[in-house]
1. State the number of residues belonging to segment 21-56 that are hydroxyl-bearing (Ser, Thr, Tyr) and part of a helix (DSSP H, G or I).
2. Suppose we keep only residues that are assigned to a loop (DSSP other than H, G, I, E, B) and more than 24 Å from the chain's Cα centre (by Cα) within segment 3-20. Which one would you say is surrounded by the fewest Cβ atoms within 10 Å (Cβ to Cβ)?
3. I'm trying to understand the selection: among the residues of segment 1-24, which are modelled with pLDDT under 75 and either among the small types (Gly, Ala, Ser) or touching a strand residue (DSSP E or B) at 6+ places or on another chain (Cβ under 8 Å) (or both)?
4. Within segment 25-46, identify whether any single residue is loosely packed, with under 10 Cβ neighbours inside 10 Å, over 20 Å from the mean Cα position of the chain (by Cα), at pLDDT below 95 and small (Gly, Ala, Ser), and answer yes or no.
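The values are calculated or read from the model by the stated rules, or taken from the named source; none is laboratory data. Please read all numbers here as calculations on a predicted model, not as lab measurements. Here the Cβ positions follow ideal geometry from the backbone for every residue, glycine too, while neighbour counts run over all protein chains shown.
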Amino acid sequence: MSAKPPLPDDLWVKIPADAQAAILSLVDSFERRIAALEARLNRNSSNSSKPPSTDPLAVGLIEARAV
């Protein structure tokens, strides 16, 4: 969970505690979902079980030039 509230302190203190908890819970779940989606975006055939045909064209060119 984020240590810092998603709003400026002067606004955050005006929000009831139960609403603050709900907001922090949503922010936490969104952060975890974003991290999972970013991890999926970074997968390719060299670091997962995906076939090479699903790699973007640039991945093959970069790997070929590195060899």
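1. Of the residues in segment 21-56, the ones hydroxyl-bearing (Ser, Thr, Tyr) are 25, 29, 45-46, 48-49, 53-54.
Filter once more, keeping what is part of a helix (DSSP H, G or I): 25, 29, 53-54.
Going through segment 21-56 one residue at a time, the tally reaches 4.
2. So in segment 3-20, the residues assigned to a loop (DSSP other than H, G, I, E, B) come out as 3-8, 13-16.
From what is left, the residues that are more than 24 Å from the chain's Cα centre (by Cα) are 13-16.
Numbers: Val13: 10, Lys14: 10, Ile15: 14, Pro16: 8.
My answer is Pro16.
3. Filtering segment 1-24 down to residues modelled with pLDDT under 75 leaves 1-3.
The answer is Ser2, Ala3.
4. Scanning segment 25-46, I find no residue that is loosely packed, with under 10 Cβ neighbours inside 10 Å, over 20 Å from the mean Cα position of the chain (by Cα), at pLDDT below 95 and small (Gly, Ala, Ser), so the answer is no.
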